Amino acid sequence: MKTIEIPASTPYTVHIQQGCLPHLGQHLSQLTAPCTAAVISDENVFPRCGETVCASLQEAGFYVLTYVLPAGEASKNLASYGKVMEFLAENHLRRSDVLIALGGGVIGDLTGFAAATYLRGIPYVQVPTTLLAAVDSSVGGKTAVDLAVGKNLVGAFWQPSLVWCDPDVLATLPDAIFRDGCAEVIKYGLLGDAAFFHQLGCHPVSEHLEEVIARCVIMKRDIVTEDERDRGVRQLLNLGHTFGHAVEECSGYTLSHGHCVAIGMAIITRAAAELGYCAAADVDAVEQLLESYHLPTASPYSLSQLECAALSDKKIFGSTIHLVVPESVGHCRLVAVPATELRRWLAAGGVQ
Ligand code: GLY
């Protein structure tokens with residue numbers, strides 16, 4: 001069992017323990033008086049874990065409501081958000097009640113944003129059911145929905161009251177979804193912990209999930225504590241994301257986020273070596289580790305396609321882009337790059 005305290009503007013605990021899912025209600029009852037708990041989940045996750053979570057909450061004295069959305073990024077929009085809000089209002093939820101986000105990043109982001117805005121803010125609990133959500137999106141309080149013109153364009157910073165992570169749930173994931181999370185895990189090693197990065201090559205993530213998740217959450221805690229509002233150092237967590245998002249966009253979101261982040265990390269590391277920021281040996285290390293987790297390292301899209309997609313990112317304001325650039329395995333830095341230079345970086349990263 002690992003418990004990690006997150007000293008954010010509203011502090012909370014990340015609890016990571018194999019087999020902890022049936023004990024959520026008991027733990028939550030120590031944090032809040034009996035109330036209504038609205039479980040928000042999706043059609044893939046709810047049949048797998050919904051009954052366990054709802055029974056646990058009911059046994060602990062909560063009145064439980066459930067709202068289940070179709071699975072996938074398409075649910076992370078204003079229409080679904082509106083439906084969740086109507087559901088909460090129709091059921092008379094009050095500020096003293098709680099939302100439970102039972103799912104991966106989509107459910108966590110959507111439920112978090114509903115919690116941030118319903119009645120101007122009610123508490124919510126993150127119960128991540130994917131590795132990617134466990135190591136990244138469930139921690140740090142970034143909540144959002146997508147607009148037609150871009151991802152995560154409407155959102156809020158709203159910290160959860162608790163993150164309850166059962167690695168046994170993640171271990172039953174389809175292989176591709178698990179590998180998605182492995183890309184984010186590798187990101188943490190490349191970003192800030194060379195020893196962890198090299199361990200991932202010798203000891204597969206799946207064999208020591210609790211420790212791996214805890215290591216990533218501790219790194220995220222340290223970054224988020226320093227920069228909760230994403231104005232500086234938190235942007236380092238976007239390692240591999242600028243070019244990864246461009247690949248995702250080019251694929252029409254048919255390629256998964258983690259796979260695109262893997263490609264983005266490989267491109268930026270190759271570019272960093274080519275432009276003199278890191279050594280060629282670092283490129284070999286990154287490509288080999290990604291490949292050992294059966295993650296891709298090359299863009300299926302052309303230089304012009306990626307440049308166009310990267311420049312159309314609605315989160316790029318002005319003419320400068322902050323790239324997260326590896327200096328060695330375990331050390332990265334933010335480099336301000338004029339938008340006109342992006343093509344040179346992509347070409348240096350091996351995109352043709
Ligand atoms: N997922 C990146 C962040 O939380 O800042």
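The values are calculated or read from the model by the stated rules, or taken from the named source; none is laboratory data. The structure displayed is predicted, hence computed values, not measured ones. All Cβ positions, even for glycine, are placed from backbone atoms using ideal geometry, and neighbour counts span all protein chains on display. Note: accessible area is taken over every heavy atom of the protein model, side chains too, but ligands, DNA and RNA are not part of it. Shrake-Rupley method; radii C 1.70, N 1.55, O 1.52, S 1.80 Å.
Tabulated values for the structure
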item: Fraction of accessible area attributable to carbon and sulfur, segment 226-352 (%, probe 1.4 Å); result: 50
item: Accessible area in square angstrom per residue, segment 73-197, 1.4 angstrom probe; result: 32
item: Residue order for Ser56, Ser302 - accessible surface, 1.4 angstrom probe, largest first; result: Ser302, Ser56
item: Under the Karplus curve 6.51 cos²θ - 1.76 cosθ + 1.60, θ = phi - 60°, whole-Hz ³J(HN,Hα) for segment 8-19, x wherever Gly or Pro sits; result: 7, 4, 10, x, 7, 10, 9, 10, 10, 7, 4, x
item: Separation of alpha-carbon centers, segment 195-209 and segment 280-321, rounded to whole Å; result: 23
item: Rounded, prolate or oblate (a/c below 1.5 giving rounded, otherwise prolate when a/b exceeds b/c) for segment 28-152 by Cα gyration tensor; result: prolate
item: Accessible area of Ser256 in the full protein assembly, 1.4 Å probe (Å², nearest 10); result: 40
item: Mean shadow area of segment 264-352 over all directions, Cα convex hull, nm²; result: 5.7
item: Under 5 Å, built H, 5+ apart or other chain: amide partners of His331; result: none
item: Label-point gap, in nm, between His203 and Arg95 - each point 7 angstrom along Cα→Cβ; result: 4.6
item: Under-12-angstrom lysine pairs by C-alpha in the chain, whenever the two are 8 or more apart or on separate chains; result: 4
item: Heavy-atom surface of segment 198-269, accessible at 1.4 Å and reported per residue (Å²); result: 38
item: For segment 209-322, with +1 on Lys and Arg beta carbons and -1 on Asp and Glu, the positive-most of Tyr293, Gly264, Thr242 along the dipole; result: Thr242
item: Where the Cα pairs of segment 1-84 fall when distances are cut into 5 Å bins, in %; result: 3, 13, 19, 19, 20, 20, 8, 0
item: For the chain, alpha-carbon Rg relative to the globular expectation (2.2 N^0.38 Å, N residues); result: 0.97
item: Given the chain, longest segment not containing exposed loop trypsin sites (Lys or Arg not before Pro) (DSSP; at most 16 other Cβ within 10 Å); result: 96-228
item: Dimensionless Rg over Rh [segment 194-317; C-alpha; Kirkwood]; result: 0.97
item: Residue-by-residue Karplus 3J(HN,Hα) for segment 337-349, coefficients 6.51, -1.76, 1.60, Hz, glycine and proline x; result: 10, x, 4, 5, 8, 4, 4, 5, 5, 5, 5, 5, x
item: Rg followed by Dmax, in Å, when segment 212-259 is reduced to its Cα trace; result: 13.2, 34
item: Net charge dipole size for the chain [Lys, Arg +1 and Asp, Glu -1 on Cβ; Debye, nearest 20]; result: 860
item: Cut-off under 5 Å, modelled amide H: who pairs with Tyr12 long-range; result: Ile6
item: Sequence of Met265, Met85 from largest to smallest accessible area, 1.4 Å probe; result: Met85, Met265
item: Per residue, the convex hull volume that the Cα atoms of segment 102-240 enclose (Å³); result: 113
item: Probe 1.4 Å - accessible area at Leu342, Å² to nearest ten; result: 0
